[in-house]
Amino acid sequence: MAKDSNVPDSPPDLSVQLGPLRLKNPVMVASGTFGYGEEYAGFADPEKLGAIVVKGISLHPRAGNPPPRLVETPAGLINAIGLENVGLQNFISRKLPYLRDKKVPVIVNIFGNVLEEYADLASRLDEVPGIAALEINISCPNVKQGGMVFGTEPAMAASVVKAVRDSTTLPLITKLTPNVSRIGEIAKAVEEAGTDIISCINTVAAMAVDIFSRRPKLANIVGGLSGPAIKPIALRCTYEVVQQVKCPVIGIGGIMDALDAMEFFLVGAKAVQVGTANFVRPTATLDIIGGIERFLQVEGLSRLEDYIGTLDTRCVFPFAEEACELTDLG
Ligand SMILES: Cc1cc2nc3c(=O)[nH]c(=O)nc-3n(C[C@H](O)[C@H](O)[C@H](O)COP(=O)(O)O)c2cc1C
């Protein structure tokens, strides 16, 4: 805690510029883990967040997969919700009005099964007031290409982004899947296709089985792993993507506290999204915002932007953080 004596009096500046998006702080809730905002109103004031990313929206309502759809694993959660959602029209008429009244940027996560559905969603949302940006979920199967996931091949990922780019003037965030061998190539392709921002990562393909009944634990058999178990994967993906693109990158995956968030900032993420932590502690995001502030004060920094991307790639041992007393940061 050598730097304690440098703690500045005024709170540090947490604001970040993500391409066309200016956020008062860098902490957002990840799609699918905070409903449409209202569900968490009693726990976490949405106006304190950097932004809200809503549950993924499709053109028409979807029931999702049959239960069981969630299973806990060591340090993680596997979900096979199957993108259940209220559909575009219900979102606009029943969910968006609540969020529009709040002083928080609303980011709408969209997905489709064919290119045309992504484009249609984007052009319809373009006319709707109260939306700060679209986040394109490309971790979905392309039914016209035998179910191959859009985000696993650079040309296909780029075609989704281009179709959406041509259909809206809203800022675009493209959310990458980690289930690829070269995430940097996908990142470059979606940047060239016109995304303003990249977010990474979505869940990691996973499975859980019951050895006595000899059955899968999820009705869908496979699902997506999230939570602390995926943080090192997410950190590596964020680092690799940051190396490959010029556009801002949002880090997602296993962020449970402010110290986790700082790791993503260190490798170059300009903002973070918090997902599974909301299920463990509904106030997690607010604690993380407070913890980032305290971390910067202890480090003697007045602006978060001065910490972002400052990783020195020479490794260190023993780890400095083990000698640090900062254990209660959100
Ligand atoms: C129950 C659940 C539902 C999710 N739904 C969506 C979704 O609709 N769209 C999307 O892009 N990501 C979705 N995700 C992925 C998260 O937004 C996030 O990328 C992932 O969980 C990793 O972050 P975490 O480890 O902080 O949870 C979902 C995750 C969970 C756990």
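Checked against the criterion of being under 16 Å from Asn202 (Cα atoms) and either hydrophobic (A, V, I, L, M, F, W, C) or in contact (Cβ under 8 Å) with a residue 24 or more places away in the chain (or both), the range 118-131 contains not a single residue that satisfies it.
The residue that is surrounded by the most Cβ atoms within 10 Å (Cβ to Cβ), counting only those in the range 233-261 that are closer than 20 Å to Ile52 by Cα and more than 13 Å from the ligand (Cβ to nearest atom), is Val249.
The condition (being out of contact with any His (no Cβ under 9 Å at 6 or more places or on another chain) and farther than 20 Å from Gly227 by Cα) is satisfied by just one residue among Val53, Val114: Val114.
Only one of the numbered conditions (1) within 14 Å of the ligand (Cβ to nearest atom); (2) part of a loop (DSSP other than H, G, I, E, B); (3) within 25 Å of Ser123 (Cβ to Cβ) is not met by Ile52, and that is (2).
For the range 24-46, residues that are open to solvent by 50 Å² or more (accessible area, probe 1.4 Å) and at pLDDT 95 or above total 1. The selection criterion, being open to solvent by 50 Å² or more (accessible area, probe 1.4 Å), within 16 Å of the ligand (Cβ to nearest atom) and on the phi > 0 side of the Ramachandran plot, does not hold for Ala63. When the range 135-155 is filtered for residues that are closer than 25 Å to Val53 by Cα and of a type in the set (Val, Ile, Thr), the ones remaining, listed by number, are Ile136, Ile138, Val149, Thr152. Looking across the range 305-330 at every residue that is modelled with pLDDT under 70 and part of a helix (DSSP H, G or I), the one that is surrounded by the fewest Cβ atoms within 10 Å (Cβ to Cβ) is identified as Glu322. From the list Ile81, Ile136, the one residue that fits, being within 16 Å of the ligand (Cβ to nearest atom), open to solvent by less than 30 Å² (accessible area, probe 1.4 Å) and either at pLDDT 95 or above or touching a Cys at 6+ places or on another chain (Cβ under 7 Å) (or both), is Ile136.
Residue under question is Val104, and the condition is that it be open to solvent by less than 20 Å² (accessible area, probe 1.4 Å), of a type outside the set (Gly, Ala, Ser), away from the ligand (no atom under 16 Å from the Cβ) and in contact (Cβ under 8 Å) with a residue 40 or more places away in the chain; does it hold? Outline the logic, then answer.
Values: open to solvent by less than 20 Å² (accessible area, probe 1.4 Å): yes; of a type outside the set (Gly, Ala, Ser): yes; away from the ligand (no atom under 16 Å from the Cβ): yes; in contact (Cβ under 8 Å) with a residue 40 or more places away in the chain: yes.
Here the answer is yes, as Val104 does meet what is asked.
Taking (1) closer than 29 Å to Gly268 by Cα; (2) modelled with pLDDT of 95 or more; (3) in contact with a Phe, Trp or Tyr (Cβ under 7 Å, 6 or more places away or on another chain) in turn, Gly151 satisfies each apart from (3).
The values are calculated or read from the model by the stated rules, or taken from the named source; none is laboratory data. Owing to the predicted nature of the structure, the values given are computational and were not obtained by experimental measurement. In this analysis, Cβ positions are derived from the backbone assuming ideal geometry, glycine residues included, and neighbour counts consider all displayed protein chains. Just so you know, the surface numbers come from the protein's heavy atoms only, side chains and all, with ligands and any DNA or RNA stripped out. Shrake-Rupley method; radii C 1.70, N 1.55, O 1.52, S 1.80 Å.
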